[in-house]
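*Asks:* Got a structure for you, questions after.
What follows draws every value from the coordinates through simple rules; no lab data is involved. Computed from a predicted structure; not experimentally measured. Because the Cβ atoms are built from the backbone with ideal geometry, glycine has one as well, and the counts that use them run over all protein chains shown.
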Amino acid sequence: MSLIDDMNWLAPQWHSLSAYVNSGRVPQALLMVGREGVGKSALAETFSKRLLCRSPQEFACSECVSCRLFEAKTHPDFLRIEPEEPGKAIPVEAIRGLKANLALKPQYSGRRVVLISPAHHMNVSSANSLLKTLEEPDEHTSLLLLTDSPESLPATILSRCQRMDIPVPERDLALAWLAKQGLAENGPVLLALARGTPIRALSLANDGMIEKREEFFTAWVGLTQRGEPATVAEKWSKFTCETLVEWMISWTMDLIRLKSAPQNRALDNPDLAERLLHPAKTLNLRCLFDYLDRLNAGRKMLSGQINRQLLLEEMLILWLRSQCRVKT
Ligand SMILES: [Zn+2]
């Protein structure tokens with residue numbers, strides 16, 4: 001199955017890329033911009049393979065020596081530059097290594113593709129080093145820069161790249177794709193958790209995120225006793241704190257929505273609507289907004305060096321207190 005048969009929301013971008021190739025005007029540097037999980041990597045890899053293929057049609061042939069090397073992830077003319085660990089910076093050595101490579105001729109198809117992802121993880125020295133490469137165009141080389149945060153890239157880099165935006169697919173397309181992956185039932189919730197991006201939604205499902213969320217929600221909404229926050233925080237201390245805080249933010253926002261309009265069904269967590277109705281009735285709006293502020297402040301603190309378990313415990317204590325204030 002071709003990329004656009006599978007991820008049909010990428011068809012407009014694929015057609016633009018094909019048009020570049022057909023007109024012989026592949027940009028030297030292409031910046032692909034889109035949210036995590038929207039299909040940037042799939043698009044960039046399919047395009048790279050197509051560029052390197054020795055007998056391409058609309059897509060790569062998948063049979064030539066170049067395609068076979070690409071599939072085996074050993075193509076010498078396809079260079080992938082990524083952080084050594086997710087979340088880390090792309091060090092300047094990686095970009096310098098790239099330059100040494102660019103000095104040589106491509107070995108197979110007269111062309112070379114460099115994929116840099118996520119491009120905004122280049123630190124200042126890396127970006128400066130890449131800029132020099134961009135200033136000396138090389139007709140054999142195509143650079144593909146992937147990012148979900150173009151505003152974090154220096155303007156000097158942005159101005160030298162052709163930009164291609166990959167929007168979040170329409171909800172129906174995304175849900176249909178998830179249904180094909182066997183996720184018809186939980187599709188809407190997964191898609192909401194993944195901010196509309198289907199591939200991220202799939203990876204959340206594979207990580208058992210629906211079950212985890214259910215478990216944490218039950219603990220959160222059921223908090224009644226003083227000692228409980230510490231116990232719950234300890235139990236969840238190994239789980240990604242960012243995700244737990246995001247969940248609590250989205251539940252609190254849904255409570256505020258339900259409070260303002262009990263029939264509201266445009267919720268982030270439609271599957272939890274019934275169980276959110278009771279706290280929505282008993283809590284007051286002011287407490288909910290205060291709690292939301294504290295959660296947002298907590299989320300910001302997570303980027304620094306803090307004790308996550310304690311932060312989580314505090315967020316749970318505040319939630320318990322916002323309920324007690326109503327009762328007394
Ligand atoms: Zn081929």
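*Asks:* Return the subset of Lys73/Lys300; Lys105/Lys132; Lys180/Lys235; Lys180/Lys259; Lys99/Lys238 for which the Cα-Cα distance in this structure is over 30 Å, preserving the input order. Provide the component values of the computation, followed by the final result.
*Replies:* Numbers: Lys73/Lys300 38 Å; Lys105/Lys132 19 Å; Lys180/Lys235 35 Å; Lys180/Lys259 36 Å; Lys99/Lys238 41 Å.
Distance filter (> 30 Å) returns Lys73/Lys300; Lys180/Lys235; Lys180/Lys259; Lys99/Lys238.
*Asks:* Then there's this: Sort Met301, Met7 by Cβ crowding within 10 Å, fewest neighbours at the top.
*Replies:* Met301, Met7
*Asks:* What angle, in degrees between 0 and 90 and rounded to the nearest 10, separates the Cα long axis of helix 40-52 from the longest principal axis of the Cα atoms of the chain?
*Replies:* The angle comes out at about 10 degrees.
*Asks:* If I take every Cα pair under 8 Å that is 6 or more residues apart in region 208-327, average their sequence separation and divide by the length, what percent do I get for the relative contact order?
*Replies:* Details: 88 pairs, mean separation 43.4, N = 120.
Worked out over region 208-327, it gives 36 percent.
*Asks:* Here is a follow-up. Can you report the principal axis dimensions of the chain using only the alpha carbons, biggest first, rounded to whole angstrom?
*Replies:* Principal-axis extents of the chain (Cα, largest first): 76, 40, 32 Å.
*Asks:* Which order do the peptides 109-116, 180-187, 132-139 come out in when sorted by mean C-beta neighbours inside 10 angstrom, highest first? Intermediate values should be presented prior to the final figure.
*Replies:* Values: 109-116: 21.0, 180-187: 15.4, 132-139: 12.4.
Ranked from most to least packed, the peptides come out as 109-116, 180-187, 132-139.
*Asks:* I need the peptides 148-161, 262-275 ranked by packing, meaning the mean over residues of other C-beta atoms within 10 angstrom, with the highest value on top. The partial results should precede the final answer.
*Replies:* Values: 148-161: 15.1, 262-275: 13.4.
For the peptides 148-161, 262-275, the packing ranking is 148-161, 262-275.
*Asks:* Testing the spin-label approximation: label points 7 Å from Cα along Cα→Cβ at Glu314 and Ser203. State their distance in nm.
*Replies:* That separation, rounded to one decimal, is 3.0 nm.
*Asks:* Using a Förster distance of 22 angstrom, determine the FRET efficiency expected from the C-beta separation of His140 and Ala11, and round it to 0.05. Let's see the in-between values first.
*Replies:* Numbers: r = 29 Å, r/R0 = 1.30.
Taking R0 as 22 Å, the efficiency between His140 and Ala11 is 0.15.
*Asks:* Taking neighbour counts of Cβ atoms within 10 Å as a proxy for exposure, in what order, fewest first, do Leu320, Leu258 appear?
*Replies:* Leu320, Leu258
*Asks:* Among His75, His120, which comes first, second and so on when ranked by fewest other beta-carbon atoms within 10 Å? Don't jump to the answer; show the numbers that get you there.
*Replies:* Numbers: His75 24, His120 20.
Neighbour counts put them in this order, fewest first: His120, His75.
*Asks:* Using the Karplus equation 6.51 cos²θ - 1.76 cosθ + 1.60 (θ = phi - 60°), what ³J(HN,Hα) coupling, rounded to whole Hz, does each residue of region 217-233 give in order, writing x for Gly and Pro?
*Replies:* 4, 4, 5, 5, 6, x, 4, 9, 10, 4, x, 4, x, 5, 5, 5, 4
*Asks:* Separate question: Using the Cβ atoms and a cut-off under 12 Å, what net charge is assigned to the surroundings of Val65, where Lys and Arg are +1 and Asp and Glu are -1? Don't jump to the answer; show the numbers that get you there.
*Replies:* Details: positive: Arg54, Arg68; negative: Glu63, Glu71, Asp77.
Net charge in that neighbourhood comes out at -1.
*Asks:* Does region 3-167 classify as rounded, prolate or oblate by the C-alpha gyration tensor (a ≥ b ≥ c root eigenvalues; a/c under 1.5 gives rounded; else a/b over b/c gives prolate, otherwise oblate)? Don't jump to the answer; show the numbers that get you there.
*Replies:* Values: a/c = 1.56, a/b = 1.21, b/c = 1.29.
Oblate.
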